[in-house]
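To start, the structure itself, in structure tokens.
We did not get these values from a lab; they are worked out from the coordinates using the rules stated. Being a predicted model, the structure only gives us computed values, none of them experimental. When we count neighbours, we look across all protein chains shown, and the Cβ atoms used for this are built from the backbone with ideal geometry, even at glycine.
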Amino acid sequence: MHAIVTWILICIILFIAVVVLALMAIVRRKLKLFIAATALFFVCMGCGVYTLLKAGVKVLGIATKTFALEDGEHIYERTWGKPASSCVQILEYRDATIPIVDFEICLHFKTCPDEVARILAGKEYTSKVVDARVAQTLPLAGSKSFASTPSVIYLSADTEHGREELYISADSTEVYYRNVW
């Protein structure tokens with residue numbers, strides 16, 4: 001950031017010098033001063049273009065980091081922390097790039113019953129049993145999702161970040177998570 005400010009100051013100083021030389025060339029009617037002012041003007045323009053490019057690269061880097069999508073493991077860790085065991089296998093995920101446009105985060109994963117118990121211990125959910133075909137119609141959940149069970153446990157909780165929904169297979173080995181706001 002200091003480099004950009006330095007280049008902006010250099011551009012301002014060069015521009016002031018161009019104006020002073022141009023005024024002196026007009027008042028004194030000297031062609032050499034006018035040529036010097038023109039040359040300095042092009043140097044000032046080059047400095048300005050360089051400064052704009054440098055600032056643009058900096059802004060692009062910040063924007064790229066801001067709107068970068070997270071992978072499934074990062075979504076999992078952001079939501080529930082690091083898994084207690086290595087039994088978590090992310091199948092599919094979708095992160096929200098722009099919160100107003102992308103209104104949900106989806107995460108579909110296989111896990112073990114102990115990890116499901118750890119996830120559920122963090123919040124108070126309301127629960128009900130639903131047909132597995134309901135879970136198969138969710139975004140990212142394919143027709144093979146929850147294929148081994150006729151029904152799934154549906155849990156939901158309202159949080160400050162929206163509504164969290166969990167669809168858990170009866171044997172607690174497959175989970176589909178949705179955060180809708």
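Quick one: angle between helix 2-28 and the longest Cα principal axis of the chain, in degrees between 0 and 90, rounded to 10, please.
The helix 2-28 is inclined about 30 degrees to the chain.
I want to check the label-to-label distance for Asp131 and Val43. Put each point 7 Å from Cα in the C-beta direction and report it in nm to one decimal.
8.0
Given the options Ala132, Tyr76, Pro113, identify the residue whose Cα lies farthest towards the positive end of the charge dipole of the chain (+1 on Cβ of Lys, Arg; -1 on Cβ of Asp, Glu).
Going by the Cα projections, it comes out as Tyr76.
Using r as the Cβ-Cβ distance of Ser151 and Glu92, and R0 as 22 Å, what FRET efficiency do you calculate, to the nearest 0.05?
0.55
Could you sort the peptides 111-120, 169-178, 75-84 by per-residue average Cβ neighbour count (10 Å cutoff), highest mean leading?
Going by the mean number of other Cβ atoms within 10 Å, highest first, we get 169-178, 111-120, 75-84.
Sequence gap at least 6, Cα distance under 8 Å: using those rules, report the relative contact order of the chain to the nearest whole percent.
That works out to 15 percent.
Place a +1 charge on the Cβ of each Lys and Arg in the chain and a -1 charge on the Cβ of each Asp and Glu, then give the dipole magnitude about the Cα centre in debye, rounded to the nearest 20.
Around 1760 debye, computed over the chain.
May I ask you to compute the full-extension gain from Thr6 to Tyr50, defined as 0.36 nm times their residue separation minus their alpha-carbon distance, rounded to one decimal in nm?
Stretched out fully, the Thr6 to Tyr50 stretch lengthens by 14.7 nm.
Using only the Cα atoms of the stretch 21-86, build the gyration tensor, take square roots of its eigenvalues as a ≥ b ≥ c, and label the shape rounded, prolate or oblate: rounded if a/c is under 1.5, else prolate if a/b is larger than b/c, else oblate.
prolate
If I fit a long axis through the Cα atoms of helix 31-66 and take the longest principal axis of the Cα atoms of the chain, what angle between them do I get, 0 to 90°, rounded to 10?
Tilt relative to the chain: about 10 degrees.
Using only alpha carbon positions, build the gyration tensor of the chain, then give the equivalent ellipsoid semi-axes as the square roots of 5 times its eigenvalues, largest first, whole angstrom.
64, 14, 13
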